Amino acid sequence: MDAGLAAVVAGASGAGGAALAGWVTGQAMIRQVRAQAQSGFDERLRDRRQEAYVSLLSACDAVHDALDDVIGAIVRPLPPDDLRSAWRAVNQALNTAHRAARTASVAGPADIARQGLAMHGALLSLVNIWRDPTTAADARAIAHAHAHQVWVDAEAYMVLVQQIVQKFDSSG
């Protein structure tokens, strides 16, 4: 083989090797960018979930606080305007809790979504017990205790999830 042909073959081999190395490096960079993007997405998702869970728990607490005012007004009767005002506060708190439950359900995952919606449902049941003025006091107390326990169970689960998210964030 003459020197010119050998130089062409060597040059082509070198160019092919450089192209292959460039392609491999490019693929590695693409994988790294995708992994960083996924990591950023995962972090944002965790943050959104945590915000959603905290909002839901706070909104549910607001419903309980507002309902306590209504229960107090029923036990020791208040003027009708004050009672209506107390119910308006309960309804506003329930609407906020419903929005927070929907946000938590979108943030997911599915089991937590169900639990968040169950919390809202339990609160709604709890509130509805006090809406019906014809319910006897003992039946109301029993229904209240049952609905309250459903809510407490759901809340305990959500608090556990929130703690897990916080631990995961602090260790990451």
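The values are calculated or read from the model by the stated rules, or taken from the named source; none is laboratory data. Since the structure is predicted, the reported quantities are computational estimates derived from the model, not experimental observations. Virtual Cβ from ideal backbone geometry, glycine too; neighbours counted across all protein chains shown. Remember, those area values only see protein heavy atoms, side chains included, never the ligands or the DNA or RNA. Shrake-Rupley method; radii C 1.70, N 1.55, O 1.52, S 1.80 Å.
Summary of computed values
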{"item": "Failed item, numbered, when ALA145 is tested on (1) part of a helix (DSSP H, G or I); (2) in contact with a helix residue (DSSP H, G or I) (Cβ under 8 Å, 6 or more places away or on another chain); (3) not basic (Lys, Arg)", "result": "(2)"}
{"item": "Of residues in the stretch 34-48 being surrounded by fewer than 11 Cβ atoms within 10 Å (Cβ to Cβ) and at pLDDT below 75, the one nearest to ALA104 (Cα to Cα)", "result": "PHE41"}
{"item": "Matching entry among ARG131, ARG102 (being open to solvent by 60 Å² or more (accessible area, probe 1.4 Å), more than 27 Å from VAL54 (Cβ to Cβ) and touching a helix residue (DSSP H, G or I) at 6+ places or on another chain (Cβ under 9 Å))", "result": "ARG131"}
{"item": "Candidate set: the stretch 77-99, residues that are part of a helix (DSSP H, G or I) and of a type in the set (A, V, I, L, M, F, W, C); chosen: the one surrounded by the fewest Cβ atoms within 10 Å (Cβ to Cβ)", "result": "LEU83"}
{"item": "Residues of the stretch 102-115 satisfying the condition of being under 8 Å from the mean Cα position of the chain (by Cα) and in a helix (DSSP H, G or I)", "result": "THR103, ALA104, SER105, VAL106, ALA107, ILE112, ALA113"}
{"item": "Residues that are part of a helix (DSSP H, G or I), out of contact with any Asp or Glu (no Cβ under 9 Å at 6 or more places or on another chain) and small (Gly, Ala, Ser), drawn from the stretch 116-142", "result": "GLY116, GLY121, SER125, ALA137, ALA139, ALA141"}
